[in-house]
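In what follows, a structure is listed as structure tokens, so that the remarks can point back to it.
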Amino acid sequence: MHDFLPMSREDMEKRGWDQCDFVYVCGDAYVDHPSFGHAIISRLLEAHGYRVGIISQPDWKNKDSITVLGEPRLGFLVTAGNMDSMVNHYSVSKRRREKDSYTPGGVMGKRPDYATVVYCNLIRSVYKKAPIIIGGIEASLRRLAHYDYWSGKVKHSILVDSQADLISYGMGERSIVEIADALASGIDIKDITFIDGTVYKTDRRGAVYDAVWLPSYDQVKENKRTYAESFFTQYQNTDAFSGKRLCEPYTDHLYVVQNPPAKPLSTLEMDDVYALPYMRAPHPSYEALGGVPAISEVKFSLISNRGCFGGCSFCALTFHQGRIVQVRSHESILEEARLLTEEPDFKGYIHDVGGPTANFRMPSCREQMLKGMCTGGKHCLAPAACSHLLVDHSDYLNILRRMRELPGVKKVFIRSGIRFDYLMADPDDTFFKELVEHHVSGQLKVAPEHCAPNTLAYMGKPPIDVFNKFKDKFYELSKKAGKKQYLVPYLMSSHPGSTLKDAVYLAEYLYKNHMRPEQVQDFYPTPGTVSTCMFYTGLDPYTLKPVFVEKSAEGKALQRALLQYYEPRNAEKVIKALRITHREDLIPLLVPAAGRRAVQRTARKAENAQVSIHPDGSYTVRPGKSAGKKPSPGARFAPRTAAKGNTYQQKESTTWKTGKKKK
């Protein structure tokens, strides 16, 4: 029966079911598409003979909402959805978002904060003994004690707070089938302690064998250095081939045990996952509510790989998908592309062919296949490409060429991340040429993130010179191809290690290179990243040396404003930042004349202030006494006359570029 999985008793009756084997509780709307985790896991279980029903976005204030399909034979599966529920709900400034793209009509408020915990406690209040298995990115990244940015606290493993029995962490295809088979064979949920890619609880220390013992929850809660040490141990054990079992004590009668990661899927297994009978659409019950906005971004896109060996500090992929790249075959990808061409609203454009990093299609090196990924903080691409790195775009290029030839396909774009340093490491520029000629939809998104050397090192990104070479070559090839195309750089402010001086350095770089980023982001401390560990502890977990972290609201605002220095609304913040860092010479260049005039008017009414910059890059502003009618220090940066504003700024620009001071 090719249809959506049951969401009601009526749907179950149509299939002749009196009971589900598993009831899948999800914080997202039910979208039966392979870009949604709940669709993959539920269809995979169906393919293995299990009956799965879906409860999407239950009312967590009403116990009846969790009983609509009855008690399942084997257990409940629970996930917050494709996103961590707190990231879904709040911006980095902790303001409530207005739209939830994973809810019908984009309505906000259809899932609770910390959704996995709330849903599990709701289930446990009704079904006292039913097995509960949690998964998805929220559970995966919170599987051990972790810093929670939204509460400002170190929280327990989500397994403790949720009252669940097991976590299936990572992508979950292998572990969820093994869990289902174990339950179906009659093994009690508390005895399922042997499956890779799972986390379980035990009350007996002696039952834990062959494990690396982490500091206790109380120790990491009370001591930030201990937290950083524990995090580094966890990071060292994320590889499916070299990772060890980890145990985190809570009390003398409670231990949380993380089994080694599940092995990556083979190409054949990946193909099988994406060949499952998805409906490739949201459930029809959502049409009257406006549909599910998230489907628009992925409906005509294809996932070709998963996993990433890039190792960016602010990315949680290492803890979730892992650093081993897994790929689909050409035939699998092309078959899905043919399905897209049959959709009634397909216009001939495939929006994306990629994954976490679009141009990764092979192992990082031969050694990885024998020993697993390197440990000890070694990275494949930063600060420079490893001498063992295998760089080859030919396989990816062949897929794109074959896809361009499919009947009905006009264009194939690449919108997911291109790792530009990996591209520049390839001595063969054939892929680069064809990327520019055929696969850029006017703009190509890339992620230099910053330009200050110290900040880039903490980010795990390559030096800015690599991006500069990429940028120059991109525009050179675009010109040769007769195309007017642009790079859209992703930039981040207030990342651990980024001082105000670093932010000024970035603003100066953007000015010199004629870049005006329309979208920038503050660093968001989400669970499961190296950068979040630095943010919370103030320590680099690799070295345990102190790292400057900007946590003040004002400091964050100044860094963010510098990334969009050209906006008149940011003039006051930009001038303040330049004064604090003693870079007043940049004010005529970075601050629009209109902005300077507005700041001048405001400054005349303001008090003078004394600014002290500390060795760690932070600063203190102390208000001074009123200066009466004396002009503000910012007044001398205003244009001499309104009529000559542009000429004045041009002269200042010339002075700055030549390095000569204007008399």
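The values are calculated or read from the model by the stated rules, or taken from the named source; none is laboratory data. Remember, it's a predicted structure, so these values are computed and weren't measured experimentally. Cβ atoms come from the backbone with ideal geometry, glycine included; neighbour counts cover every protein chain shown. The protein model used for the area step is the full one, side chains on, heavy atoms only, and it has no ligands, DNA or RNA in it. Shrake-Rupley method; radii C 1.70, N 1.55, O 1.52, S 1.80 Å.
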First in the range 470-484 and closer than 13 Å to V440 by Cα, second anywhere and open to solvent by 90 Å² or more (accessible area, probe 1.4 Å) and in a loop (DSSP other than H, G, I, E, B), Cβ under 8 Å, 6 or more apart: S478/K484
Some residue of the range 309-328 being touching a residue at least 24 places away in the same chain (Cβ under 8 Å), open to solvent by 40 Å² or more (accessible area, probe 1.4 Å) and among the β-branched types (V, I, T): no
Pair list, Cβ under 7 Å, 6 or more apart: the range 369-383 residue at pLDDT 80 or above and among the hydroxyl-bearing types (S, T, Y), other residue surrounded by 13 or more Cβ atoms within 10 Å (Cβ to Cβ) and not in a loop (DSSP other than H, G, I, E, B): T375/Q236
Cross-chain or 6+ apart pairs with Cβ under 7 Å, the range 122-141 first and assigned to a loop (DSSP other than H, G, I, E, B), then among the acidic types (D, E): Y127/E71; A130/E71; P131/D165
Residues that are closer than 20 Å to N305 by Cβ, open to solvent by 10 Å² or more (accessible area, probe 1.4 Å) and in a helix (DSSP H, G or I), drawn from the range 431-453: E434, H438
Within the range 402-424, considering residues that are under 15 Å from F470 (Cβ atoms) and not basic (K, R), the one most open to solvent (accessible area, probe 1.4 Å): M424
Tabulated pairs, the range 85-98, first in contact (Cβ under 8 Å) with a residue 12 or more places away in the chain, second among the aliphatic types (A, V, I, L, M) and open to solvent by 30 Å² or more (accessible area, probe 1.4 Å), C-beta under 7 angstrom, 6+ apart or interchain: none
Helices (runs of 4 or more DSSP H) completely within the range 1-99 that count 1 or more residues being within 33 Å of the chain's Cα centre (by Cα) and surrounded by fewer than 20 Cβ atoms within 10 Å (Cβ to Cβ): 37-47, 85-89
Identity of the residue in the range 454-495, of a type in the set (K, R) and assigned to a loop (DSSP other than H, G, I, E, B), that ends up surrounded by the fewest Cβ atoms within 10 Å (Cβ to Cβ): K484
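One residue is enough: does the range 267-287 have a residue meeting the conditions assigned to a strand (DSSP E or B), in contact with a Lys or Arg (Cβ under 9 Å, 6 or more places away or on another chain) and either open to solvent by less than 30 Å² (accessible area, probe 1.4 Å) or more than 27 Å from L544 (Cα to Cα) (or both)? Full working, then the answer.
In the first step, residues of the range 267-287 are kept if they are assigned to a strand (DSSP E or B); the result is 281-282.
Adding the requirement that they be in contact with a Lys or Arg (Cβ under 9 Å, 6 or more places away or on another chain) leaves 281.
Cutting the leftovers down to either open to solvent by less than 30 Å² (accessible area, probe 1.4 Å) or more than 27 Å from L544 (Cα to Cα) (or both) gives us 281.
Yes.
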Matching helices (runs of 4 or more DSSP H) fully within the range 311-407 where at least 2 residues are in contact with an Asp or Glu (Cβ under 8 Å, 6 or more places away or on another chain): 330-341, 394-404
Every residue from the range 224-238 that is in contact (Cβ under 8 Å) with a residue 40 or more places away in the chain and not basic (K, R): Y227, A228, E229, S230, F231, F232, Q234, Y235, Q236, T238
Conditions (1) under 24 Å from the mean Cα position of the chain (by Cα); (2) modelled with pLDDT of 95 or more; (3) among the polar types (S, T, N, Q); number of the one not met by Q321: (2)
Selection within the range 470-490 - modelled with pLDDT under 95 and under 30 Å from T581 (Cα atoms): L487, V488, P489, Y490
Where a residue in the range 557-584 is under 20 Å from H514 (Cβ atoms) and in contact (Cβ under 8 Å) with a residue 12 or more places away in the chain and its partner, wherever it lies, is among the β-branched types (V, I, T) and open to solvent by 10 Å² or more (accessible area, probe 1.4 Å), with Cβ under 7 Å and at least six apart: L563/V520; Q564/V520; A571/V599
Pick from the range 509-542, criterion in a helix (DSSP H, G or I) and touching a Cys at 6+ places or on another chain (Cβ under 9 Å), ranking: most open to solvent (accessible area, probe 1.4 Å): Y509
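If I ask for residues that are open to solvent by less than 30 Å² (accessible area, probe 1.4 Å) and among the aromatic types (F, W, Y), which ones from the range 347-373 would you list?
Pass one, the range 347-373, residues open to solvent by less than 30 Å² (accessible area, probe 1.4 Å): 348, 350, 352-355, 357-361, 364-365, 368, 372-373.
Residue satisfying the conditions is F360 alone.
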Condition check for A130: of a type in the set (G, A, S), farther than 25 Å from A281 by Cα and open to solvent by less than 10 Å² (accessible area, probe 1.4 Å): yes
